[in-house]
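This report refers to the structure that appears directly beneath it.
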Amino acid sequence: MFLLFCGENSVENIPSPQTTQTSLQQEATIDTTTSTTSTTSTLPECIPQDNSEINFENISNLQNFLNRNGFNAGIEDGFIGNQTINAIRNFQEIVGLKADGDAGPRTIEAMKLWTGCEKVDLNLISSTTTTVPQNTNTNTSPTTVPTTTTTVIEAPINSKDNFFYQGFVSIESGNYESYLTTNFKSNSFCSLSSPTQDFFHKQALGMPNDVYQYTSMPELVSEVSTQIVSNSSNEFSVEVVGNGDENFRFYFIEPFTSSYKEIIPRNLSVEPGKTTAIFSKTNLRNGYWFYGYADNGGGYVKATGLKEILVGNEITQEDVAFTEFSDIWINSKSEIISSGKYIENNDILYFNYITDRGFNSHSQLSEELLSSSNTLKIKNADNYGIGNVILINKEFLYITDKSNATLTVERGYRNSVIQNHSIDTDVKKLVDFTDMRAVRGYAIFKGEKGFTFTLPLLSEGIPIEIKISDNCPKDLYSLDYIKVFSWREKGKSTVTTLDDNKSSSVISKNNFTAHKGLESYLYPDIFGNNSETGEFLNSGPKNKIYEIGDYIEFNFAGITKGIREIDYIEIEFKLIPTGNKKTKFRKVIFTPGESEYTYRNLVSSISTETSFTNSTWESGYKYFINYLKVNDGASEVFFYSNGDQINKTTGKSSKHDFYYLDQFVFELNR
């Protein structure tokens, strides 16, 4: 895509974009050529934007600017994810700045001076996103699906449900794992709970953004295999053997990350029992990529054999393992938050962490640094320079100029707190953004009343913004556990991890009190009968036999929400064999409508083998409900068919009166 803009404004003190130099005063034209026609159209005069008053420290404003100007930051949710970071890099590349994905002072200055009338070629950006239409039909004859280039996908797919199951090959263990996860993103501290540790943000686990969404928990398909079968300097190919399907999607770990990304093949050919995908190396990041698995919407296939390929020139991709957290802290823009400090509703906090490998140079202040000063002197400045980020105590500073051992800095960088620093205090230079050893992770906060919330973390030294929203339960919240992941080294299928818990002195003081939160929290509940009429409130199949084309339907009208809306309901079925099969379980999930708690699923096919597609059901079993799990984003309650009710948030057990839950039974006719 080639975008033409017009205008006279230039970015003062910012390197010029490396594009073809053309007078912006000239009339701009676009030539569009096809095999049959050739037309020329004249662009209207560009009206410059005025971005000078925008607060780019507000992430939503930054994302809006990037989207308005064609850099594709994705959803403007105020959350710095991979897509926003890549958009920042793309903008930096266009204006000639170091493309590190960090919106520092020079980047923000360039954004403020950007008019929207500059002439840029977005084809120069390495992370252009393309899509390939997905065909739900399975072909048995060879099929070719051409695309123009190999592409890394960043944006999440559209879904009617925010919550679903997703599987992947764990970069920590190398084993297949599946989790309940979500497309939902929010910087609200109490947006999503994980009291049973089976729910995570995709980003925290390194899952790809663009995925098939399973409403029933998927597993590996054991009878199918996949691996890299050829590799040249320009392209490589992957085969899936045992299933010829054009719906396969292929997931790789990018160099210097521990997260999966989908790469779309340049060509895809399908024949009975085999799928062959050819990938171009054009626009892929230089380094060693790792092939993890393929997914066709009916199950996952773990890669075997050759799984690693080099893109570009030979490089060093060996990690230096971290051994401990150097520091972890929470701050507002004005103070460090600890020791149970009271936090007001809608306050913004920032969660920070640094490992012992997060900085590569040490020096000390040679004189006191006051909060009012933007210059400092250090004892040895040999390894410090313009553009470096340094850390003094818990304050980030950005070096804008250097004269011998005197550094001119931006204070309170990355929303840290400006402080006084005494003589001889350590001055630590952070490693570059792309060399951070810890590249993702998660932190778990737990309240005294049992409420548990998980924060997905970015690279060390990059704060995560937390908003204490007014629907947070009132409680004292303490950092309970933190885990971070390094990037994948050459020749390895797993990564180094580092974790710590509340017993450690480095995290024990990280707590705060949401003192104006929701009080007397009301949990979701379920009732079996109308208290006035005695009629049953819930309905479902009773010894029903379903066939293809039927709908499996439950109406749990007896569910009542508590103080918050219900996010999702999970049903676990216990499958009792009618023949020689083994007993097993199947989980399904659905997002309820407003005060409507109905699960309805079309039986599109019936299988004699295990299947995980959303509307395929396995015969040979009687399906009994084992439990209903109701989650409202802050609490989670289980309602078992034997009458037990377990509140996972409080840890308390009781009984519910939905006594006929165990009477809902069905099977599939094949």
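The values are calculated or read from the model by the stated rules, or taken from the named source; none is laboratory data. Values in this document were obtained by computation on a predicted structure and should not be read as measured data. Cβ atoms come from the backbone with ideal geometry, glycine included; neighbour counts cover every protein chain shown.
Going through the stretch 208-242 one residue at a time, which ones are over 20 Å from the mean Cα position of the chain (by Cα) and either of a type in the set (Asp, Glu) or not assigned by TED's automatic domain parsing to the domain that holds Gln166 (or both)?
Correct list: Glu219, Glu223, Glu235, Glu239.
Name the single residue that is surrounded by the fewest Cβ atoms within 10 Å (Cβ to Cβ) among those in the stretch 473-515 being small (Gly, Ala, Ser), over 21 Å from Lys446 (Cα atoms) and within 24 Å of the chain's Cα centre (by Cα).
Residue satisfying both the conditions and the ranking: Ser493.
When residues of the stretch 440-467 are filtered for being of a type in the set (A, V, I, L, M, F, W, C), surrounded by 22 or more Cβ atoms within 10 Å (Cβ to Cβ) and in contact with a Leu (Cβ under 8 Å, 6 or more places away or on another chain), how many remain?
Residues that pass the stated criteria total 4.
Please go through the stretch 495-515 and give me each residue that is in a loop (DSSP other than H, G, I, E, B) and at pLDDT 90 or above, ordered by number.
Listed by number, the residues that qualify are Val495, Thr496, Asn510, His515.
Tell me which of these Glu246 doesn't satisfy, since it passes every other one: (1) of a type outside the set (A, V, I, L, M); (2) surrounded by fewer than 21 Cβ atoms within 10 Å (Cβ to Cβ); (3) closer than 27 Å to Asn86 by Cα.
Single failed check for Glu246: (3).
Step by step: first the residues of the stretch 322-348, then only those that are surrounded by fewer than 16 Cβ atoms within 10 Å (Cβ to Cβ) and among the polar types (S, T, N, Q), then the one that is farthest from Asp475 (Cα to Cα). Which residue is that?
The residue in question is Thr323.
Being buried (at least 18 other Cβ atoms within 10 Å of the Cβ) and assigned to a loop (DSSP other than H, G, I, E, B) is the filter; apply it to the stretch 516-531 and report the residue that is modelled with the lowest pLDDT.
Gly517
Would you mention how many residues in the stretch 626-644 are assigned to a strand (DSSP E or B) and touching a residue at least 60 places away in the same chain (Cβ under 8 Å)?
Matching residues across the stretch 626-644 total 7.
So is Lys492 within 30 Å of Met207 (Cα to Cα), without any contact (Cβ under 8 Å) to a residue 24 or more places away in the chain and either out of contact with any Leu (no Cβ under 6 Å at 6 or more places or on another chain) or not assigned by TED's automatic domain parsing to the domain that holds Tyr293 (or both) or not?
Yes.
Among the listed residues Asn543, Asn555, which satisfies the condition of being of a type outside the set (Val, Ile, Thr), in a strand (DSSP E or B), touching a residue at least 40 places away in the same chain (Cβ under 8 Å) and loosely packed, with under 15 Cβ neighbours inside 10 Å?
The match here is Asn543.
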